[in-house]
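Down below is the structure, laid out as structure tokens.
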Amino acid sequence: MNFELTKEQKGIQKAAREFAGKEFTDKAVGFDREERFDLSIWKKACDLGFVGVFIDEQYGGAGYGFFEHCLIAEEFWAADPGIGAAVLSASFGSELLILFGTEEQKKLVLPQIVSGEAMIGTAITEPDAGSDVTAAITAAVEEGSEWVINGSKMFITNGTLAKYMLVFCLTDPENPSRHGRHSFIMVPSNTMGFKATKLHGKMGIRASDTAEISLKDIRVPLQNLVGKKGEGFHELMAFFNRTRLHICAQAVGLARAALEEAVRHTKSRRQFGQTLASFQAIQFKIAEMATWIRAARNLYYEAAWRTDEGKLDHALVAMAKWFSAQIAVRCADEALQMHGGYGYIDEYKVQRLYRDAKILEIYEGTKEMEKVIIARSLLG
Ligand SMILES: Cc1cc2nc3c(=O)[nH]c(=O)nc-3n(C[C@H](O)[C@H](O)[C@H](O)COP(=O)(O)OP(=O)(O)OC[C@H]3O[C@@H](n4cnc5c(N)ncnc54)[C@H](O)[C@@H]3O)c2cc1C
């Protein structure tokens, strides 16, 4: 067993750290307040090859694994979760195309994701279908050579920015199995009837675009089906087993940033004639945070490594997602507490980290749903 990153992996990690340190740090407060980010940062990230590194060379990518994608995500989130989310989620959906897309779909979309010509999004959640994705009622009906889609989607990342949206649709409502009723269909966002409305007032990752999508009499060719008709649920689970690794790396990056802020502040802030860091109560918190972070990183490293080796362990992915999200929230909370009143002011990074962390326990499977998956793997 070897716990060392390869020279190439260390190089990717270093390049990502330097890029994010240079491009994100000064802009983070402004983008958080303005609920937007500068698309030129995403373009630069694409130019430098950070977006979609897991995409095969034949589609313009670097042909690395999800592990390398995670290394980049950890560095980006350590610099700023909001901008990190905005930049790297530009490829959210390409994993599904890689797994289940047709050759034509891959050739059309994947090179554009890598080069920064287009963003992609995946629209599953609906106003009345969140954790229970099988309750999705956005309907796609076959009419001649086309799908006709009607419905609405909620909380969609990149909703107003993505050129292509992979929409989870009800295609076989009469299927006796709830897991056999849905299919993914690719919808270009310039299709007549596609309307994305940006959501404002998010608690965290405010630089990242989140939208509500209305789909009204959308018509796309039958060839826009991604994967097999009626297999959408199983395809979604396979997709999440890849994208949840990304969330783990986001969480570890955020937790690491919280620890760094805590160390910096407690070493300089003095109370009772000594630095905060000299109090054992503070030292214990720092020790616990560092240990949680190492444990979470080891979990996601193993989960990502297994996935890239073709030995995907879905319960391990769920453990890594649940644990890393939880420790990110705890680390941000502890770090803010160590800042006292200063931590409550938005000029301080720790305040943003505290707000940004919570999403990790919600999107791509809530912490409760991750535990359901883990328990099922043990109990059946
Ligand atoms: C910023 C942001 C970005 C997002 N991006 C996307 C995106 O790009 N694409 C997309 O499709 N969706 C996206 N989502 C949606 C996200 O995945 C959902 O919010 C999430 O899956 C939870 O669904 P819900 O909000 O409907 O909550 P609900 O499913 O209503 O859950 C509410 C609470 O009940 C709990 N609960 C539900 N069922 C059970 C159960 N069986 N056992 C125990 N507890 C349960 C949940 O864990 C949760 O705590 C995004 C959300 C946000 C906030």
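The values are calculated or read from the model by the stated rules, or taken from the named source; none is laboratory data. Quick caveat, the model's predicted, so the values are computed rather than measured. Cβ atoms come from the backbone with ideal geometry, glycine included; neighbour counts cover every protein chain shown.
For segment 117-139, what are the residues that are over 17 Å from the mean Cα position of the chain (by Cα), within 16 Å of the ligand (Cβ to nearest atom), outside any loop (DSSP other than H, G, I, E, B) and of a type outside the set (D, E, K, R)?
Ala129, Val133, Thr134, Ala135
Within segment 61-72, does at least one residue satisfy the condition of being in contact with a Gly (Cβ under 9 Å, 6 or more places away or on another chain), in contact (Cβ under 8 Å) with a residue 12 or more places away in the chain, surrounded by fewer than 21 Cβ atoms within 10 Å (Cβ to Cβ) and not assigned by TED's automatic domain parsing to the domain that holds Ala251?
yes
Does segment 70-85 contain at least one residue that is part of a loop (DSSP other than H, G, I, E, B), over 30 Å from Ala332 (Cα atoms) and away from the ligand (no atom under 11 Å from the Cβ)?
no
Exactly one condition in (1) assigned to a strand (DSSP E or B); (2) within 21 Å of the chain's Cα centre (by Cα); (3) more than 15 Å from the ligand (Cβ to nearest atom) is false for Phe155; which is it?
Unmet for Phe155, out of (1) assigned to a strand (DSSP E or B); (2) within 21 Å of the chain's Cα centre (by Cα); (3) more than 15 Å from the ligand (Cβ to nearest atom): (3).
With the structure loaded, tell me whether Val114 is of a type in the set (Val, Ile, Thr), more than 15 Å from the ligand (Cβ to nearest atom) and either in the same structural domain as Gly63 (by TED's automatic domain parsing) or surrounded by 16 or more Cβ atoms within 10 Å (Cβ to Cβ) (or both) or whether it fails that test.
Taking the combined requirement at face value, the residue satisfies it.
Going by the conditions given, is Ile205 outside the structural domain of Glu361 (by TED's automatic domain parsing), in contact (Cβ under 8 Å) with a residue 60 or more places away in the chain, more than 17 Å from the chain's Cα centre (by Cα) and under 25 Å from Arg355 (Cα atoms)?
Against the criterion (outside the structural domain of Glu361 (by TED's automatic domain parsing), in contact (Cβ under 8 Å) with a residue 60 or more places away in the chain, more than 17 Å from the chain's Cα centre (by Cα) and under 25 Å from Arg355 (Cα atoms)), Ile205 does not qualify.
Which of the residues spanning segment 10-45 are closer than 19 Å to Val114 by Cβ and out of contact with any helix residue (DSSP H, G or I) (no Cβ under 6 Å at 6 or more places or on another chain)?
Hits for segment 10-45 are Gly11, Ala15, Phe19, Leu39, Ser40, Lys43, Lys44.
Every residue, every condition in (1) within 16 Å of the ligand (Cβ to nearest atom); (2) farther than 12 Å from Cys248 by Cα, yes or no:
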position: Leu299; (1), (2): no, no
position: Leu316; (1), (2): no, no
position: Ala320; (1), (2): no, no
position: Glu334; (1), (2): no, yes
position: Asp346; (1), (2): no, yes
position: Thr366; (1), (2): yes, yes
position: Ile374; (1), (2): yes, yes
